[in-house]
Amino acid sequence: MKSASLRGSHDSIPVNKIICLGQNYAEHAKEMKFEVPTSPVFFLKPPSAIINPGEQIVLPTISNNVQHEVEMTVLIGERGKDIHRCCALKHVAGYGVGLDMTMRDIQAQAKDKGLPWSLSKGFDTAAPLSEFIPSETVGDPHTLNIQLLVNGKVRQSSNTSKFVFSVDKVIAYLSQFIT
């Protein structure tokens, strides 16, 4: 089973599922020609997509257009069902940064045919994760800068204040359906 690391802990934390949000930045939703959603839009990646710091991203040979997006990652440390928004952040063990790797050409082909596009986002190594920082040391998770540099040049830069849905709202919403 794949796992994540929490700074200051010697234990690896098993990752049973990866729940990803789509269209949680209004600007990106508009860029992708989607309406800004009124409730969180989510998809899943298999744990086999995880790679940890120092591991190599392997690009699938079936795609000519693999893209990356930098994302805030949230490590849930306490399971819950029907979590109230006021208590949601108490379930967070840590925050990190990850990449959402997507084979855009494979995704477009699937969407055009009305088929699921799990392959385009769920291939092995499609979810690189950083080490997680303990939540109690982070402060407000809705005021964090997130930046992606490639070869020293800024590719993406944003702030979690620009989320359409805050972390607590997402946890409360998703916990209605997924433990």
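The values are calculated or read from the model by the stated rules, or taken from the named source; none is laboratory data. Not measured: the values here are computed from a predicted model. All Cβ positions, even for glycine, are placed from backbone atoms using ideal geometry, and neighbour counts span all protein chains on display. Just the protein is used for accessible areas: all its heavy atoms, side chains included, with ligands, DNA and RNA removed. Shrake-Rupley method; radii C 1.70, N 1.55, O 1.52, S 1.80 Å.
Annotations for the structure displayed:
- To put it simply, the accessible area of the stretch 25-179 at a 1.4 Å probe is 54 percent carbon and sulfur.
- By average C-beta atoms within 10 angstrom, highest first, the peptides 52-63, 163-174, 79-90: 163-174, 79-90, 52-63
- Residue-normalised accessible area of the chain, given per residue in Å² at a 1.4 Å probe: 59 Å²
- Dividing the summed helix terms, -39500 (n - 2.57) for each DSSP H run of n ≥ 4, by the number of residues in the chain produces a 222 nm estimate of -4000 deg cm²/dmol to the nearest 500.
- In a simple Cβ point-charge model (Lys, Arg +1; Asp, Glu -1; nothing else charged), the chain has a dipole of about 280 debye relative to its Cα centre.
- Measuring nothing but how far apart in sequence close Cα pairs (under 8 Å, 6+ apart) lie, relative to its length, the chain scores a relative contact order of 26 percent.
- Size of the stretch 52-146 from its Cα atoms: along the principal axes, largest to smallest, the extents are 42, 33, 23 Å.
- Between GLU69, GLU35, GLU131, the Gaussian network model of the chain with springs among Cα atoms under 10 angstrom shows the greatest mean-square fluctuation at GLU35.
- Under a Gaussian network description of the chain, with springs only between Cα atoms under 10 Å, the residue in MET101, MET32, MET72 that fluctuates furthest is MET32.
- As a size descriptor, the averaged projected area of the C-alpha convex hull of the chain was calculated at 10.9 nm².
- Links that overshoot a 26 Å alpha carbon limit, given the list LYS17/LYS153; LYS17/LYS81; LYS2/LYS153; LYS33/LYS121; LYS17/LYS169; LYS121/LYS169: LYS17/LYS153; LYS2/LYS153
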